[in-house]
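The values are calculated or read from the model by the stated rules, or taken from the named source; none is laboratory data. For clarity, every value in this text was computed on a predicted model and none was experimentally measured. Glycine gets a Cβ as well: all are built from the backbone with ideal geometry, and neighbour counts include every protein chain shown. These accessible areas exclude ligands, DNA and RNA; they are computed on the full protein's heavy atoms, side chains included. Shrake-Rupley method; radii C 1.70, N 1.55, O 1.52, S 1.80 Å.
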Amino acid sequence: MAVTPWIDRIEPTWLPVVQAFGRGWIAIAVVAIIVSVLAKAWLAVAANAVAIAAALVTIVSVSNSPACDPSQDSLAVMTINAYYGQADVDQIAAAVQRHDIDVLVIPEVTEMMIADLMKTKAGERFKYRSGPTVETWDSSGTVILSRYRAERVAAPDNEKAET
């Protein structure tokens with residue numbers, strides 16, 4: 001049951017879709033169980049109970065202990081989809097301040113939105129950024145803003161990583 005976070009590595013990637021609708025499936029199955037009990041349809045009750053169990057398995061949070069001691073330094077990373085540069089900069093800035101974010105990853109961002117964010121108090125914390133992004137309303141621009149200098153590292157080959 002605890003393997004569900006890793007199932008999405010198998011194609012097709014259907015698990016996120018199932019997880020997104022998990023609570024809905026549970027609500028529908030609970031109603032179906034009530035109706036089935038009233039109709040004395042015991043096989044339907046059992047089938048809906050299995051459906052609830054399956055939905056719960058996909059949404060149960062697996063608790064992975066952090067690999068660091070709580071007394072060690074931590075790094076707060078936030079990602080937000082800028083929706084083609086249309087996201088509310090003030091809301092992003094407020095979230096960055098509230099959660100003391102160290103690294104902000106923004107897909108679908110434009111240079112104009114980055115410039116607006118950097119004018120805020122929250123933007124002042126980010127001294128480093130990844131390369132330029134698009135000037136237009138496009139989904140290909142992703143920028144990483146960071147308090148700390150970052151450097152590129154070579155990704156390991158898949159064969160070497162598996163051995």
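For segment 97-117, give me the residue count where each residue is part of a strand (DSSP E or B) and aliphatic (A, V, I, L, M).
Residues in segment 97-117 being part of a strand (DSSP E or B) and aliphatic (A, V, I, L, M): 4 in total.
Each row is one residue, and each column tells you yes or no for (1) open to solvent by 20 Å² or more (accessible area, probe 1.4 Å); (2) closer than 13 Å to Leu145 by Cβ.
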{"site": "Asp73", "(1), (2)": "yes, no"}
{"site": "Val89", "(1), (2)": "yes, yes"}
{"site": "Ala93", "(1), (2)": "no, yes"}
{"site": "Arg98", "(1), (2)": "yes, no"}
{"site": "Ile101", "(1), (2)": "no, yes"}
{"site": "Ile106", "(1), (2)": "no, yes"}
{"site": "Val109", "(1), (2)": "no, yes"}
Exercise for the section: With respect to Met78, determine if the residue is open to solvent by less than 50 Å² (accessible area, probe 1.4 Å), in a helix (DSSP H, G or I) and either closer than 12 Å to Leu145 by Cβ or not polar (S, T, N, Q) (or both). Expected result: no
Exercise for the section: For segment 78-123, enumerate the residues that are modelled with pLDDT of 90 or more and of a type in the set (Asp, Glu). Expected result: Asp88, Asp90, Asp100, Asp102, Asp116
Practice task
Return the total of residues in segment 124-163 being at pLDDT 90 or above, of a type in the set (Ser, Thr, Tyr) and surrounded by 14 or more Cβ atoms within 10 Å (Cβ to Cβ).
Solution key: 1
Fill in the blank from the handout: Subset of segment 11-47, residues at pLDDT 90 or above, open to solvent by less than 70 Å² (accessible area, probe 1.4 Å) and not hydrophobic (A, V, I, L, M, F, W, C), comes to Ser36
